[in-house]
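Below is one structure, written out as structure tokens, with a few remarks after it.
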Amino acid sequence: MSDLAHFSRRSLLGIAGAGAGAMLLGACGDGSGSSPQQDPNAPATINWWHIQNDVPLKPVWAAFAKEYETAHSNVKINITDLANEAFKAKLTTVTQAGNPPDLFQSWGGGVLKQQADARLVKDLTKDVESWIGNLLPAAVQPYTIDGKIYGIPWDIGMVGFWYNKELFERAGVTATPTTWSELLTVVQKIKGAGVTPIALGGKDKWPGHFYWAYLAMRVAGLDALKQAAVDKSFDNPDFVAAGERLKELVDLQPFQKGFLAATYDQPDGQAATMGNGRAAMELMGQWAPAVQGSASTSKKGIGEKLGFFPFPTVDGGKGQAKDAFGGGNGFAVGKNAPPATIDFLKFFLDVAQQRKATDTGAVLPTTKAAADAIKDANAKVVAETLASATGFQLYLDQAYPPAVGTQVNDSVAELIAGKKTPDQVTKDITSTAKSQ
């Protein structure tokens, strides 16, 4: 970005209203209210679950916990770090038993709403009112349900294509694609050069849903996604067309060998395939460079060879070219968490800590004053692209109720595997939505 000083003022301000609509958050019950005024200095143990289970953020998070413990001798922080899918499975188990961790990873949206409705998480509104204004308003939006705050974001960003400039050059690709048809042509050129065009962790499913979600945005538009959730119907010709466009890509066989069995972040997975220079592109969020690096053999990734471009438009589509898809990372506070948990959250979101996290290159900060810590060239491109976005859609597997989000992931995965047609995908999602 040419002027990072303006980032904290401009970033996401233009999309805050659109983001609120796209989050699809319904009204919540009366909630559990803010936590009682208890002594935050009372002896306490905080059980903290997060998904930063590798470098660069795992040691940073551990250092934050140690620093807080040093300053608060009465507090002990027990950390459980898990891979994304393992975290989701374990969290489901403990929340179903009514025993959530004190502090845990959250992406907001429909999943957090369900947790709030079940009174598994604290209403943080009054507890954070003195400092919530330090954060970007749109970053807080996915964690806001019926005007109440149930989670705190520490990262915000968007999904786009990360590409290997050297492999593009080898294939004779001189410009990044701006339309879907151009993307398909680029894929064919890259494949013709003997290079794997796209890395995909098909086993995890959620990376594949990014393609259908973005195509649905480009073909049908954000309003259609919002209305589909209200009507509980995705049986829309435009959503079928989105699946047909995705099938065009799948039919080119662009993914690495064994992609259906590959995870996102394991040594033979999507991020490692990119980080080791064995694929030309991946569609992923703002954390991609960091995970590529940690998953690669060198632990450094491909460095300056890496570039970023936004998801292309679709000819004749109703969506806006600059509408963005993504979200961020945050934390929710379990219903039985000690008061020190919220004090630790305040410490975690302090500008000094946000700058340290941003320095890793894996975080786009939500604390406004930490924007000056964005140094990585690609991170600046993501921030700039996001700042100019005309609309915003939260990840579908988080924006929608959990069962619907899971069905989106499952059905799109089956489309990519050649087991479902585009029409069957929309019918499956509709059937699940209507059953809720």
Comparing 251, 117, 323 in a Gaussian network model of the chain (Cα, 10 Å), the one with the largest mean-square fluctuation is 251
Percent relative contact order for the chain, counting Cα pairs under 8 Å at least six residues apart, stands at 28 percent
Here the relative contact order (percent) of segment 224-364, from C-alpha pairs under 8 Å and at least 6 apart, is 17 percent
When the chain is treated as a Gaussian network with springs between alpha carbons less than 10 Å apart, the largest mean-square fluctuation among 94, 382, 75 is found at 94
For segment 172-254 the mean separation of alpha carbon contacts under 8 Å (6+ apart) over residue count, i.e. relative contact order in percent, is 31 percent
Exposure proxy check on 149, 190: fewest-to-most Cβ neighbours within 10 Å is 149, 190
Among 257/305; 165/232; 126/300; 189/356; 257/318; 189/322, the pairs whose Cα-Cα distance exceeds 32 Å are 165/232; 126/300; 189/356; 257/318
For the table 76/203; 76/122; 299/375; 299/335; 122/368, the rows whose alpha-carbon distance is greater than 29 Å are 76/203; 299/335
If R0 = 35 Å, then residue 185 and residue 223, at their Cβ-Cβ distance, give a FRET efficiency to the nearest 0.05 of 0.70
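Around residue 209, with a cut-off of 12 angstrom between Cβ atoms, what is the net charge of the other residues, counting Lys and Arg +1 and Asp and Glu -1?
Details: positive: 205; negative: 204, 397, 410, 414.
Charge balance in the 12 Å sphere: -3.
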Contour minus Cα-Cα span, residue 117 to residue 76, at 0.36 nm per residue, comes to 11.8 nm
Filtering trypsin sites (Lys or Arg not before Pro) in segment 260-304 by DSSP loop and by at most 12 other Cβ atoms within 10 Å leaves 299, 300
Expressed in nanometres to one decimal, the distance between label points 7 Å along Cα→Cβ at residue 178 and residue 126 is 5.3 nm
Note on segment 274-410: C-alpha Rg/Rh, Kirkwood Rh, two decimals, gives 1.00
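FYI, it's all coordinate maths here, none of it is from the lab. Bear in mind that the values here come from a model prediction, so they are computed numbers and not experimental data. Note: ideal-geometry Cβ built from the backbone for every residue, glycine included; neighbour counts use all protein chains shown.
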